[in-house]
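Q: First, the structure itself, so that you have it in front of you.
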Amino acid sequence: MTEAFGDRPLEAVLDWLAEAVPVVTDLELSSGGYAPTTHCDRRLLLGDAAERDRWRQGIEQRGFRIAALNAWGNPLHPDRELADRHAADLRETILLAAELGVDRVLALAGCPGDVRPRFAAGGWLPYLEGEHERQWAEAGAPYWTELAEFARREHPDLLICIELHPGTLVYNVATFSELAAAGENLAANVDPSHFFWMQMDPLAVVARLPRVGYAHLKDVVFDEHSLALNGLLDHRWPGDPRAAPWRFATVGRGRSASWWRTFLDALAARGVETAAIEHEDPLLPVEEGIVEAAQVFAATTEAAA
């Protein structure tokens, strides 16, 4: 996942990957939403076939394959201008994936609200009771049903992979099951780091999801002292990572290599062919984190062989 290198030209990133992490063969490129689009100028590539071919050849000639495009954003945002922009980014990303023959597009389910998005995780206060159900019926279901149909018409081989992400309408098995009913081309993008801090079991989640299409790979580390005092819902996250109850971490720093081998096997059993290393460790430079994570996976692959 090249987003962590968003301040560098794509060519420089690919040259570094080929030299430092030769086990990496597939790329996930950000194409819209909140993500930087340094490596994938979606509108330029959609509008200029020659530029699109040049861009793709520059990737493939270095030995890489485009596994997925990611347009993570909030197409349900109460700010209609922002929502419309993110919705357009996602639609254009689907069209670009069709032109490129890429069969995975990644997104977030979004979160509606009044003036600001309002994540309704339960009835902690009277005004939140039933809020998720209303949000899904009024905003989530209509949007995703229509988008799934659009994608089916424009790119029949595509899976739109929605990350189970706190703060959005879809973050666990129950909420993804609602989404899955909106279209057979809607699958889950699973990131075990979110499950770790929410105290979910990634292996159980992968086994129970209706459809799984992709995965992001990162870990979580807990600070037991801060956790005991402030809990998982500490609103100061992301704040000072050294004082936080939990923080995202490089693969292998929270769970053992053997656990990650089991997780990859669980993904493979669900038909997932590609999983992307995602670097969000605030205490480790991206170059070190990507290399370290790749070494964990390379070692587990060798052990399995």
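The values are calculated or read from the model by the stated rules, or taken from the named source; none is laboratory data. Owing to the predicted nature of the structure, the values given are computational and were not obtained by experimental measurement. Here the Cβ positions follow ideal geometry from the backbone for every residue, glycine too, while neighbour counts run over all protein chains shown. When the accessible area is computed, the model is the full protein with side chains, heavy atoms only, and any ligands, DNA or RNA have been set aside. Shrake-Rupley method; radii C 1.70, N 1.55, O 1.52, S 1.80 Å.
Q: Condition first: in contact with a His (Cβ under 6 Å, 6 or more places away or on another chain) and hydrophobic (A, V, I, L, M, F, W, C). Now tell me which residues in region 28-78 satisfy that.
A: Matches in region 28-78: Leu29 only.
Q: Going through Leu169, Leu179 one at a time, which residue ends up being in contact with a Ser or Thr (Cβ under 8 Å, 6 or more places away or on another chain), under 22 Å from Gly113 (Cα atoms) and of a type outside the set (Ser, Thr, Tyr)?
A: Leu169
Q: Quick check on my filter: what residues within region 230-257 are at pLDDT 95 or above and either charged (D, E, K, R) or more than 23 Å from the chain's Cα centre (by Cα) (or both)?
A: Hits for region 230-257 are Arg247, Arg253, Arg255.
Q: Here is a list: Arg54, Arg65, Arg42. Which entry is free of Cβ contacts under 8 Å to residues at least 12 places away in the same chain and not polar (S, T, N, Q)?
A: Just one listed residue meets the conditions, Arg54.
Q: A follow-up question, please. Could you give me the residue pairs with C-beta distances under 8 Å whose first residue belongs to region 170-197 and is hydrophobic (A, V, I, L, M, F, W, C), whose second residue is open to solvent by 20 Å² or more (accessible area, probe 1.4 Å) and modelled with pLDDT under 95 wherever it lies, and which are 6+ apart or on separate chains?
A: Trp197/Leu232
Q: A further question on this structure: Tell me whether region 149-168 contains one or more residues that are aliphatic (A, V, I, L, M), within 24 Å of Lys218 (Cβ to Cβ) and without any contact (Cβ under 8 Å) to a residue 40 or more places away in the chain. Outline the logic, then answer.
A: Of all residues in region 149-168, those aliphatic (A, V, I, L, M) come to 151, 158-160, 162, 164.
Now drop any that are not within 24 Å of Lys218 (Cβ to Cβ), which leaves 159-160, 162, 164.
Then drop every residue that is not without any contact (Cβ under 8 Å) to a residue 40 or more places away in the chain, which leaves none.
Within region 149-168, not a single residue is aliphatic (A, V, I, L, M), within 24 Å of Lys218 (Cβ to Cβ) and without any contact (Cβ under 8 Å) to a residue 40 or more places away in the chain.
Q: Would region 2-21 turn up any residue that is within 24 Å of Tyr143 (Cα to Cα) and crowded, with 17+ Cβ neighbours inside 10 Å?
A: No: zero hits.
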